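For reference, the structure discussed in these notes is given below.
Readers should treat all values here as calculations from the given coordinates under stated rules, not as data from a laboratory. What you see is a predicted model; the values in this text were computed from it and never measured. Positions of Cβ are generated from backbone atoms using ideal geometry, with glycine treated the same way; all protein chains shown enter the neighbour counts.
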């Protein structure tokens with residue numbers, strides 16, 4: 001038994017097709033949580049995929065009903081080797097966005113795992129079935145190698161993350177004793193680039209809201225009424241333009257962070273954002289005088305996700321009666337989302353747009369979180385990864401995207417280490433979602449090595 005042989009075992013598990021077969025079974029479950037006609041699959045994924053796998057590793061498992069969204073249950077698994085040993089919590093979500101079947105490449109299906117070169121296609125490969133499958137498989141490889149883990153593990157799998165994780169905060173409060181651990185080690189999101197192993201310690205929050213106005217009943221002929229009736233699309237466009245400028249800079253002070261703390265700025269200065277394999281970066285977009293890393297990991301962004309006025313599918317020559325826009329703010333730690341709606345309301349009123357209504361979107365995430373770069377868990381995980389692959393590791397204080405990380409950091413009160421096994425151009429919320437086989441194989445190597453190191457250190461790198 002050795003660290004090297006444990007990692008070799010993980011490599012063999014990948015190379016002989018066992019990992020592909022395991023993931024294929026999970027991809028086959030159509031778990032698009034936003035589709036009301038597949039809610040039965042939410043439970044089936046847990047009872048037919050995750051529970052049997054964990055029970056085979058001597059975990060005790062149970063399904064926990066969601067107190068907020070009854071169609072999105074949770075699974076809690078526990079393997080307690082010795083109460084005196086440290087405990088890790090790992091997390092994943094088995095739900096996905098809708099399949100979007102009609103828009104996939106010809107011959108490909110969202111619910112059938114398929115290879116094309118180094119790309120593995122299927123809904124959930126990147127977000128998040130593939131990622132938590134890697135971590136659980138790494139635990140299995142360590143158990144096969146040495147017969148025990150050397151630490152305790154709690155597992156939480158939810159089925160509503162793509163709905164905004166309804167109930168996850170309540171479950172973490174309700175099941176605090178069952179989920180208690182010394183650290184969260186989980187996976188989601190993308191690497192900073194495909195070639196660079198990445199660690200992040202938290203996530204930006206997300207706060208969604210709708211802007212809308214209804215000026216009258218019905219539409220009216222633009223020839224007869226043009227110039228006499230106010231156009232809601234024009235009014236709403238100007239209202240939005242007063243909130244964010246033409247280069248994406250937020251103009252409402254309370255929607256912006258005050259600054260980037262010095263330690264965070266130093267950590268971000270080490271990062272090089274290339275956008276490799278993704279769309280070309282618009283370097284002049286967003287807050288001026290910030291680096292690319294600071295823009296996406298250290299600052300808030302305001303986005304318009306959808307805009308509707310009249311009938312976009314079949315426009316007619318009539319002045320619309322209403323206009324609507326779905327907006328959101330991605331925000332970093334030290335920003336209070338409770339001030340967003342009042343600040344937008346005050347701003348719009350002052351600019352003469354009091355007729356525009358503001359409505360928060362249901363299931364907004366809680367607080368944004370981030371990790372101090374000097375945290376011992378960051379140093380320990382970085383050293384483990386660099387030992388395994390002999391490659392430089394990138395650390396992000398927080399992910400640019402959003403996860404329910406505050407449920408773990410704030411409610412359960414633990415440090416949080418996230419290890420993404422995907423990359424930015426994976427099409428995770430679009431047709432043709434995929435993972436890169438090379439990254440998945442590296443993920444198995446990295447996590448098996450990390451779990452071995454945790455066992456050797458008794459799982460507590462506090463003195464590192």
Quick one: grab the alpha carbon gyration tensor of the range 1-114, order the square roots of its eigenvalues as a ≥ b ≥ c, and give me rounded if a/c is under 1.5, else prolate or oblate depending on whether a/b is larger than b/c. oblate
Packing-based order for 129-139, 83-93, 231-241, using average beta carbon neighbours within 10 Å, highest first: 129-139, 83-93, 231-241
The chain: relative contact order in percent, alpha carbon pairs under 8 Å with at least 6 residues between: 25 percent
What percent does the relative contact order of the range 12-125 come to when contacts are Cα pairs within less than 8 Å and at least six residues apart? 28 percent
How many nm separate the modelled label positions at residue 106 and residue 355, each set 7 Å beyond the Cα in the direction of the Cβ? 5.0 nm
Expressed as an acute angle from 0 to 90° and rounded to the nearest 10, what is the orientation of the C-alpha long axis of helix 3-15 relative to the principal long axis of the chain? 60 degrees
Out of every Cα pair in the range 1-62, what percent are spaced more than 13 Å from each other? 71 percent
Counting only DSSP beta bridges with both residues in the chain, tell me the antiparallel percent, nearest 5. 70 percent
Which of the three applies to the range 47-173, rounded, prolate or oblate, going by the alpha-carbon gyration tensor with a ≥ b ≥ c and a/c under 1.5 meaning rounded? oblate
Mind pulling the angle between the C-alpha long axis of helix 232-241 and the longest principal axis of the chain? Nearest 10 degrees, somewhere in 0 to 90. 60 degrees
Would you give the gap between the C-alpha center of the range 182-214 and the C-alpha center of the range 104-175, rounded to a whole Å? 16 Å
How would you order 330-336, 418-424 from highest to lowest mean count of nearby Cβ atoms within 10 Å? 418-424, 330-336
Under a plain spin-label model, where a point goes 7 Å from the Cα along Cα-to-Cβ, how far apart in nm are residue 372 and residue 245? 3.6 nm
Expected 222 nm ellipticity per residue - DSSP helices of 4 or more, -39500 (n - 2.57), all of the chain, to 500: -8500 deg cm²/dmol
If I stretch the segment between residue 40 and residue 272 completely, what's the gain in nm (0.36 nm per residue apart, minus their alpha carbon distance), one decimal? 79.2 nm
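Suppose a student asked you for the relative contact order of the range 370-435, using Cα pairs under 8 Å spaced at least 6 residues apart; what percent would you report?
Working: 33 pairs, mean separation 16.9, N = 66.
Dividing the mean separation by the residue count of the range 370-435 yields 26 percent.
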Sort 67-75, 140-148, 101-109 by packing, meaning the average of other beta carbons within 10 Å per residue, with the highest value first. 67-75, 140-148, 101-109
How large is the convex hull of the C-alpha atoms of the range 213-273 per residue, in Å³? 146 Å³
Could you tell me how many degrees, from 0 to 90 and to the nearest 10, lie between the Cα long axis of helix 340-350 and the main elongation axis, the longest principal axis, of the Cα atoms of the chain? 20 degrees
Treat the chain as a sphere of radius equal to its Kirkwood radius over Cα pairs and apply Stokes-Einstein at 10 °C in a medium of 1.306 mPa s; give the translational diffusion coefficient in µm²/s, rounded to a whole number. 67 µm²/s
Under the rule a/c < 1.5 gives rounded, and otherwise a/b versus b/c splits prolate from oblate, where does the range 173-302 land using the Cα gyration tensor? prolate
Taking r as the C-beta separation of residue 283 and residue 238 and R0 as 30 Å, the FRET efficiency to the nearest 0.05 is 0.65
